[in-house]
Amino acid sequence: MSLPPLKILLVAPRGFCAGVVRAVDIVERALEIYGAPVYVRHEIVHNKFVVDDLRAKGAIFVDELDEVPPGEHPVIFSAHGVPKSVPAEAQRRALFQIDATCPLVTKVHMEAQRHHEQGLEIILIGHKGHPEVVGTMGQLPAKAITLIETVADAEQLTPRDPAKLAFVTQTTLSVDDTKDVIAVLQRRFPDIKGPTREDICYATTNRQEAVKSIASQIEALIVVGAPNSSNSKRLVEVGMKNGCPRGFLVQRANELSWSQLKGLTCVGLSAGASAPEILVNEIIEAFRGHYDVTVEKVVLREENVSFKLPRELRPQGQPSA
């Protein structure tokens, strides 16, 4: 019995970004140098497959530092960043800490610190409770940063002094939605200061633009990513806002709902910044069980960004900058 034809538009860039590559490399390199166990506070990145793989190699994931026993084992902070209280507690306990915070998140932390030193109230555009937001707000004293999520929040904002405002953003937001929120802030508070370069990271922007480029051509969009991955959820939203009638966020091929994927002729496939390529290939193979699949690659641009490992994990002789 012949299978119906299906074209999969496989977009790029997709999948691992430089910050995720660096974070995973940090855990693997720490295991190589120091041996197991290596402790990791929270998921190193938002992907169960990646976390389970590192756990099998000897990483122990904990929610808080009080779960880490005293000793010389490395304790790694996730790519999303942590409040200042976390490294301070690690130092108090004399734990061997290694910071895997994405450098682009660190950039936001430094911007917030600089604005605070200038006496400005800081508005953070982001999603409440997301680890990156918790980490950014934890860089400064309580009430130094006000979190807003939507255009409505921006319209209702009542700052202490409208002339002394600055904004920063979570790095994994929807580019278009964030532009709308920033536009309201700039209309209401013309003197508000923003980042010299936008905070939404290159990988988030590129993956959203790639999905936009195919959204009007496809009948469904499959995004490989975790349900707690902000950038992955935004990819589904971006696809549906730009002409794709259906979008699905799945972690593995076994989550695909074939009753909802019947009768298709063209689908789009992308992956969030913490989803490895092996899971993308797994999705394609799953479709081959139901369709005669043709894969067409759609490459929006090439990415060549990389970040150095922390000093204590660099191979001998690698420069520090």
Sorting Ala36, Val68, Pro13 by the position of each Cα along the dipole of the chain (Lys, Arg +1; Asp, Glu -1; all at Cβ), the one nearest the positive end of that ordering is Pro13
Surpassing 24 Å at the alpha-carbon level, of the pairs Lys179/Lys233; Lys48/Lys262; Lys7/Lys262; Lys107/Lys128; Lys48/Lys84; Lys7/Lys212, are Lys48/Lys262; Lys48/Lys84
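Report, in debye and to the nearest 20, how large the dipole of the stretch 18-102 comes out about its Cα centre when Lys and Arg carry +1 and Asp and Glu carry -1 on their Cβ. Provide the component values of the computation, followed by the final result.
Working: 9 positive and 13 negative charges, 32 e Å.
Charge dipole, the stretch 18-102, about its Cα centre: 160 debye, nearest 20.
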Options (i) 34, 28, 16; (ii) 39, 20, 17; (iii) 36, 23, 18 are given for semi-axes √(5λ) of the Cα gyration tensor in Å, and the computed one is (i)
In order over the stretch 210-226: 3J(HN,Hα) from phi, Karplus 6.51/-1.76/1.60, θ = phi - 60°, whole Hz, x for each Gly or Pro, gives 5, 5, 4, 5, 10, 4, 7, 9, 10, 8, 7, 10, 9, 10, 8, x, 8
In nanometres, the difference between 0.36 nm per residue of separation and the alpha-carbon distance of Ser2 and Glu277 is 96.2 nm
With Cα springs under 10 Å, the Gaussian network model of the chain assigns the largest mean-square fluctuation among Ser78, Ser229, Ser259 to Ser259
Neighbours of Leu104 by Cβ distance under 12 Å: Lys/Arg at +1, Asp/Glu at -1, summed charge -1
Going residue by residue through the stretch 237-246, the Karplus relation 6.51 cos²θ - 1.76 cosθ + 1.60 with θ = phi - 60° gives ³J(HN,Hα) values, rounded to whole Hz and with x marking Gly or Pro, of 4, 4, x, 6, 6, 10, x, 7, x, 9
Label model pair Glu72, His290: point-to-point distance (7 angstrom along the Cα→beta-carbon line) in nm is 5.4
Quick calc, the chain, dipole around Cα centre from Cβ unit charges on Lys, Arg (+) and Asp, Glu (-), nearest 20 debye, gives 420
Note: Gln91 to Ile60 extended length (0.36 nm per residue) minus current alpha-carbon separation gives 9.2 nm
With a Förster distance of 45 angstrom and the Cβ-Cβ distance between Glu303 and Trp258, calculated FRET efficiency to the nearest 0.05 equals 0.90
Residue-ordered couplings for the stretch 156-166, obtained by feeding phi - 60° into the Karplus form 6.51 cos²θ - 1.76 cosθ + 1.60 and rounding to whole Hz (Gly and Pro as x), are 9, 4, 10, x, 5, 9, x, 8, 10, 10, 9
Stretched fully, the stretch from Asp53 through Glu198 gains (0.36 nm per residue minus C-alpha distance, one decimal, in nm) 48.9 nm
With the dipole of the stretch 159-261 defined by +1 on each Lys or Arg Cβ and -1 on each Asp or Glu Cβ, the option from Phe167, Ser229, Phe248 whose Cα lies farthest towards the positive pole is Phe167
Interchain or sequence-distant (5+) residues whose placed amide H lies within less than 5 Å of the amide H of Leu221 are Arg246, Gly247, Phe248, Gly268
Here the net charge surrounding Leu65, from other residues whose Cβ is less than 12 Å away from its Cβ (Lys, Arg +1; Asp, Glu -1), is -2
For the stretch 234-321, the dipole about the Cα centre with charges only on Cβ (Lys and Arg +1, Asp and Glu -1), to the nearest 20 debye, works out at 260
Packing-ranked peptide list from 300-307, 130-137, 221-228, 81-88, highest mean Cβ count within 10 angstrom first, is 221-228, 130-137, 81-88, 300-307
If each K or R counts +1 and each D or E counts -1, the residues other than Ser78 whose Cβ falls under 10 Å of its Cβ total -2
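Every read-out reported here was derived from the displayed coordinates using simple, explicitly stated rules and does not represent laboratory data. Because the structure is predicted, anything quoted here is derived from the model rather than measured. Neighbour counts are summed over all protein chains in view; Cβ atoms, including those assigned to glycine, are modelled from backbone coordinates with ideal geometry.
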